[in-house]
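**Student:** Below is the structure I would like to discuss, written out as structure tokens.
The values are calculated or read from the model by the stated rules, or taken from the named source; none is laboratory data. Bear in mind that the values here come from a model prediction, so they are computed numbers and not experimental data. Glycine also receives a Cβ, built like all others from the backbone with ideal geometry; neighbour counts cover every protein chain displayed. The area values use the complete protein model at the heavy-atom level, side chains included, leaving out ligands, DNA and RNA. Shrake-Rupley method; radii C 1.70, N 1.55, O 1.52, S 1.80 Å.
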Amino acid sequence: MAKPEYYYGIHSVESLLELEPERVLTLFALKGREDQRLKRIFELADPFGISIQKASRDSLEKLAGQPFHQGVVAAVRPHPTLNENDLEKLIQNTKDVFLLALDQITDPHNLGACIRTAAAMGVHAVVVPRDRSASLTPTARKVAAGGAEKVKFIQVTNLARTLAKIKDEFNVRVVGTMLDEHALPIQECDLTGPIAIIMGAEDTGLRPITQSQCDHKVYIPMDGNLQSLNVSVATGMALYEACRQRKA
């Protein structure tokens, strides 16, 4: 049997129990804590006969790998890693697919925040390169606050090659966010239909090889003195505009 993964945090564990309870092997809860938020988790676990073990704060910290576990950790059967083949199946089976691709986002906190926003804005999948990118660690899952269980997370070997393929074979338009003399304000770009919005790292932006696959280049207009945003904030603004257009 594969080594279990550990999810921690109220939102992350609660979402897992609501959507994929069959994956939960054991719940570890802080000894002496009996508040309503934990009781809700116990209620979700009960119909599935999931074992609940009381544990000390130190034990939970060791399982989670850090102290911010909110009093609950779940040992979980690992989810299969999704790849290029899964992405193609998703596109084929989803009308007007809506994708978010992240180019070299290495901070798990930023990744988790992007996933949380993606789930809220109706994104079908978050696509990242397998190398030089944060993976779906327990920290990223906690920051995602349940979003990681509601949007697919797909790792591809070569992001630029994957973008080229979904453009050519599935007519997915690729929209890259960058400060470029040819870029349009994002609200002037058509973000309806099958699209992939690409966000780059804060310090380097999109790599040239990724830029070369963009059908459209857009930027987020700003009136203040700053011309850059945290990538998770910029992602939220870009996805909101896309969501607004797609609903209209």
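**Student:** How are the Cα pair distances of region 145-242 distributed, in percent, across 10 Å bins from 0?
**Tutor:** Pair shares across the bins are 14, 47, 33, 6, 0.
**Student:** Please express the Cα-Cα pair-distance distribution P(r) of region 5-76 as a list of whole percents, one per 5 Å bin, running from 0 to the bin with the greatest distance.
**Tutor:** For region 5-76, the binned pair fractions read 3, 19, 34, 28, 14, 3 percent.
**Student:** Taking every DSSP beta bridge that has both residues in the chain, what percent is antiparallel when rounded to the nearest 5?
**Tutor:** 25 percent
**Student:** In a Debye calculation with equal point scatterers on the alpha-carbon sites of region 132-198 and no solvent, what is log10 I(q)/I(0) at q = 0.21, 0.22 Å⁻¹?
**Tutor:** Rounded to two decimals, the profile gives -1.08, -1.10.
**Student:** With every protein chain in place, what's the accessible area of His109 (1.4 Å probe, Å², nearest 10)?
**Tutor:** Approximately 100 Å² of His109 is accessible to the 1.4 Å probe.
**Student:** Accessible area, 1.4 Å probe, largest first: how do Lys54, Lys31, Lys142 sort?
**Tutor:** Lys31, Lys54, Lys142
**Student:** Can you tell me the FRET efficiency between Asp58 and Asp215 if r is taken as the Cβ-Cβ distance and R0 is 45 Å, rounded to the nearest 0.05?
**Tutor:** FRET efficiency, Asp58 to Asp215: 0.30.
**Student:** While we're on this one: Could you tell me the relative contact order of region 84-247? Use alpha-carbon pairs under 8 Å, at least six residues apart, and round to a whole percent.
**Tutor:** Relative contact order here is 27 percent.
**Student:** Describe numerically, in nm with one decimal, the distance between label points set 7 Å from Cα along Cα→Cβ at Asp190 and at Phe68.
**Tutor:** Each label point lies 7 Å from its Cα, and together they span 4.2 nm.
**Student:** Taking a label point 7 Å from the Cα of Asp96 along the Cα→Cβ vector, which residues of region 169-187 have an amide N closer than 20 Å to it?
**Tutor:** 170-176, 186-187, by backbone N distance to the label point.
**Student:** So, one more: With every protein chain present, what accessible area does Arg130 have (1.4 Å probe, heavy atoms only), rounded to the nearest 10 Å²?
**Tutor:** Number for this one is 90 Å².
**Student:** So what's the angle, to the nearest 10 degrees on a 0 to 90 scale, between helix 84-93 and the longest Cα principal axis of the chain?
**Tutor:** Relative to the chain, helix 84-93 is tipped by roughly 80 degrees.
**Student:** So how exposed is Met237, as accessible area in Å² (1.4 Å probe, rounded to 10)?
**Tutor:** For Met237, solvent-accessible area is about 80 Å².
**Student:** Gap in Å between the Cα centre of region 130-151 and the Cα centre of region 1-46?
**Tutor:** Region 1-46 and region 130-151 have Cα centres spaced 17 Å from each other.
**Student:** What is the magnitude of the charge dipole of the chain about its Cα centre, with +1 placed on the Cβ of each Lys and Arg, -1 on the Cβ of each Asp and Glu, and no other charges, expressed in debye to the nearest 20?
**Tutor:** 680 debye
**Student:** Here's a follow-up. To check my understanding: the extent here is largest minus smallest coordinate of the Cα atoms along each principal axis. What are those three numbers for the chain, in Å, largest first?
**Tutor:** Between the extreme Cα coordinates on each principal axis of the chain lie 59, 42, 35 Å.
**Student:** Accessible area, 1.4 Å probe, largest first: how do Glu241, Glu188 sort?
**Tutor:** In descending accessible area the options line up as Glu188, Glu241.
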